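For reference, the structure is listed below as structure tokens.
The values are calculated or read from the model by the stated rules, or taken from the named source; none is laboratory data. The structure presented is a predicted model; accordingly, all values stated were derived computationally and were not measured. Here the Cβ positions follow ideal geometry from the backbone for every residue, glycine too, while neighbour counts run over all protein chains shown. Please note that ligands, DNA and RNA were not included when accessible areas were found on the heavy atoms of the full protein model with its side chains. Shrake-Rupley method; radii C 1.70, N 1.55, O 1.52, S 1.80 Å.
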Amino acid sequence: MAAFDRRVRTSVDSVMFCGPDRTALAAAAFALASHSERTVTWLDIRNPNRPEDPYVPLFAPLVPPRHRLVTSTPDELAPEIAVSNVATWSLIRQDEPREVVMSLVDFLRLPEAVQRLVTSEALDRTPATLLVTNSDRIAPLYPEDVESTRLYVQAIKSQSIKLVATLPELDRRDRLAYDFVFQVQPGREAGWKESTLQVEAGELPLGSAGRAPTPFGSVDELRTILAAAP
């Protein structure tokens, strides 16, 4: 058996899981988030024109309702472009240190819904983890730029919140804005349980999950999920 490295699990470093299967990605991300030694809040980005994703019945009962949020439309998570307005800058004191100013500006760039979320009761008690599934559904709202995406990721990290996200289907370059990136690939047999994960970005010690291609069945944190899944 292998386990996620402690830094991947418990630090505030951000983690992205990429691959073609939404359920496999959700399983890997949920397994990591639930073993992060942090309170988990789950933001599930839904497609209003499609049925509920198949992983929802598996994970929804494991997250208290007040820690589970579902978008009615991906547009709710559009970036807050008003940050560039003169009115925004008028709220910042001129004698504030530059790093404080830039941290505030980066935070104000976050979607308004995310700003409310990260300052809500669900996440205001550190340490906390924000699990975001289906980031591909908001991809058209953001430029495919590593540095731009890193600002959004860092804005959440600066609130002492660990961000764990999934990116199905799309091979976007800005996935590398995350501290750790794992590729999750289907196995030879049918079914998400046969998937394998391997780190793409981020340094891992020998023997940890993902350092080499690691089947789901060999990942310690995934055992409970695999046993409970039909």
- Could you give me the residue pairs with C-beta distances under 8 Å whose first residue belongs to region 204-230 and is closer than 12 Å to Val8 by Cα, whose second residue is of a type in the set (Lys, Arg) and open to solvent by 50 Å² or more (accessible area, probe 1.4 Å) wherever it lies, and which are 6+ apart or on separate chains? Leu204/Arg211; Pro205/Arg211
- Residues of region 161-194 being acidic (Asp, Glu) and closer than 18 Å to Ala209 by Cα, in sequence order, are Asp179, Glu194
- Task: Starting from residues that are out of contact with any helix residue (DSSP H, G or I) (no Cβ under 7 Å at 6 or more places or on another chain) and touching a residue at least 24 places away in the same chain (Cβ under 8 Å), keep the ones in region 59-68 and report whichever is most open to solvent (accessible area, probe 1.4 Å).
- Result: Arg66
- Task: Give region 35-58 a look and list any residue that's β-branched (Val, Ile, Thr) and either surrounded by fewer than 19 Cβ atoms within 10 Å (Cβ to Cβ) or touching a Pro at 6+ places or on another chain (Cβ under 8 Å) (or both), or say none.
- Result: Thr39, Ile45, Val56
- Item | Scope region 10-21; condition within 11 Å of Leu163 (Cα to Cα), surrounded by 21 or more Cβ atoms within 10 Å (Cβ to Cβ) and either among the small types (Gly, Ala, Ser) or more than 11 Å from the chain's Cα centre (by Cα) (or both); matching residues | Ser14
- Does region 146-162 include one or more residues that are out of contact with any Ser or Thr (no Cβ under 8 Å at 6 or more places or on another chain), under 25 Å from Tyr55 (Cα atoms) and without any contact (Cβ under 8 Å) to a residue 60 or more places away in the chain? no
- Does at least one position in region 213-225 carry a residue that is out of contact with any helix residue (DSSP H, G or I) (no Cβ under 6 Å at 6 or more places or on another chain) and among the aliphatic types (A, V, I, L, M)? yes
